[in-house]
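Let me begin by presenting the structure, written as structure tokens, before commenting on it.
The values are calculated or read from the model by the stated rules, or taken from the named source; none is laboratory data. It should be emphasised that the depicted structure is a prediction, and the values quoted were computed from it without experimental measurement. All Cβ positions, even for glycine, are placed from backbone atoms using ideal geometry, and neighbour counts span all protein chains on display.
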Amino acid sequence: MKSVLTRSFSTQSKPRFLIAGSQGQLGIPLVNRLIKEFGNDSIVAADMKGETKALDCKQYTLNVTDFDTYKSIVEKEKITYIVHYAAILSSAGEKNPDLARKVNFDGFFHALDLAREYKCQIFAPSSIAAFGGDNF
């Protein structure tokens, strides 16, 4: 039985995913799941930390505040789906609010601009901290 992910892409050409923030708590399991579903040639991982042996796909060092580098990866790799996980979390953001603004806002808007320019689908989830909840 095919997964929901595989079924949703069955009528399209093979997707090319870029996961920005690929070495975070959500990034590593997502990259590994996408590799399992689509093969490592469909996945591009990007993170400030550079390459890691934990991910078996093409990898780039990416600071999402650097629009030109972000753009060059999307263009070079012919990305069709951007997953923008890159963020400065609350405790680090409180210590360095200027950096948090640059990464969390400017980086996000770079992803939106690139998705529009290259006609990519984009997934940029928020954290529970942004909208609250019973366990917050």
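Condition (residue is modelled with pLDDT under 95, more than 25 Å from K119 (Cα to Cα) and among the charged types (D, E, K, R)) applied to the range 11-28: is it met by at least one residue?
Among the residues of the range 11-28, not one is modelled with pLDDT under 95, more than 25 Å from K119 (Cα to Cα) and among the charged types (D, E, K, R), which makes the answer no.
Of all residues in the range 12-40 being outside any loop (DSSP other than H, G, I, E, B) and in contact (Cβ under 8 Å) with a residue 40 or more places away in the chain, which is surrounded by the fewest Cβ atoms within 10 Å (Cβ to Cβ)?
L30
Somewhere in the range 65-72, is a residue touching a strand residue (DSSP E or B) at 6+ places or on another chain (Cβ under 6 Å), closer than 18 Å to C120 by Cβ and crowded, with 19+ Cβ neighbours inside 10 Å?
So far as the range 65-72 goes, no, none of its residues is touching a strand residue (DSSP E or B) at 6+ places or on another chain (Cβ under 6 Å), closer than 18 Å to C120 by Cβ and crowded, with 19+ Cβ neighbours inside 10 Å.
Considering every residue within the range 69-82, establish whether at least one is hydrophobic (A, V, I, L, M, F, W, C) and either in contact with a helix residue (DSSP H, G or I) (Cβ under 6 Å, 6 or more places away or on another chain) or over 20 Å from P15 (Cα atoms) (or both).
Yes: the range 69-82 contains one or more residues that are hydrophobic (A, V, I, L, M, F, W, C) and either in contact with a helix residue (DSSP H, G or I) (Cβ under 6 Å, 6 or more places away or on another chain) or over 20 Å from P15 (Cα atoms) (or both).
Across the range 61-115, what is the number of residues that are free of Cβ contacts under 8 Å to residues at least 24 places away in the same chain and of a type outside the set (S, T, N, Q)?
16
Of the conditions (1) closer than 15 Å to Y118 by Cα; (2) modelled with pLDDT under 95, K53 satisfies every one except a single condition; which number is it?
(1)
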